[in-house]
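The values are calculated or read from the model by the stated rules, or taken from the named source; none is laboratory data. Keep in mind that what you see is a predicted model, and the values were worked out from it rather than measured. For neighbour counting, all protein chains shown are included, and Cβ atoms are generated from backbone atoms with ideal geometry for every residue, glycine included.
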Amino acid sequence: MTSSKLFHNPLNTLWSVLRTRGVRLVIYALVVAALFPSSRFILLVTILLAIGSIWWTEYRSNRSHKFFYLLGFVLFVLAGYVVTFVNVKNVDQLRSGMSPWGDGIYQVKDGKYIGESQGYRGPIKVQIKVKDHRVTSLETLEYPDLISVQDNEVASFKKHLLENGRLFIPEDTEMLRGATDTLTGYVNAIQDALSKGIPDFPRYDWFSNFFLNWFIGQSPNQVTLNALAILFAVFMVFEYTFQSMLTPGTGRSINCYNCASCVGVCPIKEVEGVQMPMGLVLLTRLGNYERVMELSKYCVGCGRCAAKCPIGNSGPMVISAAFQAAREKKRSAHTGNERETA
Ligand code: SF4
Ligand code: SF4
């Protein structure tokens with residue numbers, strides 16, 4: 001994509017970029033990450049898979065080295081996880097016996113401290129004041145959970161904390177949506193603030209902090225996973241429709257469930273390690289139309305697969321779609337114009 005094309009015809013350029021399934025996956029992942037702060041890890045994996053599939057295709061077609069840069073990045077992330085895991089384990093061991101909970105308040109020096117932690121919808125930030133080994137004030141500086149969680153639990157916890165003057169273990173919360181996560185985040189933020197008042201409190205090194213904040217994030221909870229499953233189904237329906245608009249005849253490839261009924265009736269069965277025509281359908285799903293065109297010469301067009309597939313896929317259908325997609329790509333590269341969509 002050249003910048004002149006982008007400025008002269010932004011809509012066509014956007015349409016053209018959206019043709020790549022990897023790009024669309026990244027957009028879906030960004031939407032999910034915006035909805036759920038605890039899904040950062042899922043976002044990272046999705047982006048890596050999407051870029052990996054595009055660059056792997058480029059490597060196979062023209063031996064581009066970009067795929068190996070990505071591989072290097074993945075190895076860096078894996079090494080980062082190992083280093084962070086070891087550091088977190090060691091620091092947590094050192095921290096036992098230095099906790100600011102309960103009587104641990106006697107280790108905390110007088111002063112004002114700010115602490116942060118992750119709530120249900122984002123970071124929770126608090127400021128506490130300690131005087132004569134008692135918490136004398138507690139101010140909430142950031143609290144995005146307020147939009148989705150009733151704050152009865154937090155308000156009651158705050159009242160008891162100020163009465164006791166120290167951090168205590170809260171009782172079981174009611175099963176309000178997100179209330180448990182919110183209260184846990186709130187308590188952790190207070191613990192973080194109090195620990196800053198303990199001299200020589202062990203801390204994670206900068207590298208582990210970087211990894212925890214930017215790569216791992218908060219682990220997805222049950223609510224997030226359920227919502228992700230629902231969103232996945234919605235995205236699949238949307239993707240089916242969208243793909244059919246972009247390249248007619250290919251949308252249904254998403255629904256192939258590898259039953260291999262088509263392979264059973266195909267007289268070719270397997271060529272160059274690809275099962276026919278199921279492999280063609282799966283290559284279409286990945287947007288690898290070049291490979292579909294390469295393998296199309298083996299299809300004799302008998303049409304048996306079309307009669308057998310419960311979804312309505314067939315070898316000739318995806319082959320014809322692949323050639324049409326290639327023609328469109330060539331045409332738009334020459335003229336900068338896109339075809340009318342269905
Ligand atoms: S139409 Fe092609 S892919 Fe389908 S069964 Fe016949 S030879 Fe196989
Ligand atoms: S018969 Fe249809 S659903 Fe089954 S593997 Fe072939 S293309 Fe996929």
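Of all the residues that make up segment 287-302, how many are within 17 Å of R252 (Cα to Cα) and surrounded by fewer than 16 Cβ atoms within 10 Å (Cβ to Cβ)?
0
Identify, from the list T241, T247, the residue that is more than 12 Å from ligand 2 (Cβ to nearest atom), modelled with pLDDT under 80 and surrounded by 15 or more Cβ atoms within 10 Å (Cβ to Cβ).
T247
S39 - would you say it is assigned to a helix (DSSP H, G or I), at pLDDT below 70 and out of contact with any Asp or Glu (no Cβ under 8 Å at 6 or more places or on another chain)?
Judged against the criteria, S39 is a match.
Taking segment 271-286 on its own, how many of its residues are over 10 Å from S253 (Cα atoms) and more than 9 Å from ligand 1 (Cβ to nearest atom)?
Looking only at that region, the number is 6.
Which one of Y106, Y143, Y113 is out of contact with any Lys or Arg (no Cβ under 7 Å at 6 or more places or on another chain), of a type in the set (S, T, Y) and under 25 Å from T182 (Cβ atoms)?
Y143
Out of everything in segment 264-278 that is surrounded by 21 or more Cβ atoms within 10 Å (Cβ to Cβ) and more than 8 Å from ligand 2 (Cβ to nearest atom), what residue ends up being nearest to V300 (Cα to Cα)?
Residue satisfying both the conditions and the ranking: C266.
Which of the strands (runs of 3 or more DSSP E) found entirely inside segment 78-167 contain at least 1 residues meeting this: exposed (fewer than 13 other Cβ atoms within 10 Å of the Cβ) and touching an Asp or Glu at 6+ places or on another chain (Cβ under 7 Å)?
The strands (runs of 3 or more DSSP E) meeting that bar are 123-131.
For residues that are in contact (Cβ under 8 Å) with a residue 40 or more places away in the chain and not in a helix (DSSP H, G or I), scanning just segment 287-314, find the one that is nearest to ligand 1 (Cβ to nearest atom).
Selected residue: S314.
Enumerate the pairs (first residue in segment 247-269 and over 15 Å from A306 (Cβ atoms); second residue anywhere and away from ligand 1 (no atom under 15 Å from the Cβ) and part of a loop (DSSP other than H, G, I, E, B)) with beta-carbon separation below 8 Å, excluding pairs fewer than 6 apart on the same chain, so at least 6 apart or on different chains.
Taking only residues 6 or more apart or on different chains, the pairs are T247/R19; P248/A342.
Could you list, ordered by first residue, the pairs with Cβ atoms under 7 Å in which the first is in segment 318-342 and over 29 Å from P277 (Cα atoms) and the second is assigned to a loop (DSSP other than H, G, I, E, B) and at pLDDT 60 or above, at least 6 apart or interchain?
Here the result reads G336/N9, each pair linking segment 318-342 to a residue that is assigned to a loop (DSSP other than H, G, I, E, B) and at pLDDT 60 or above.
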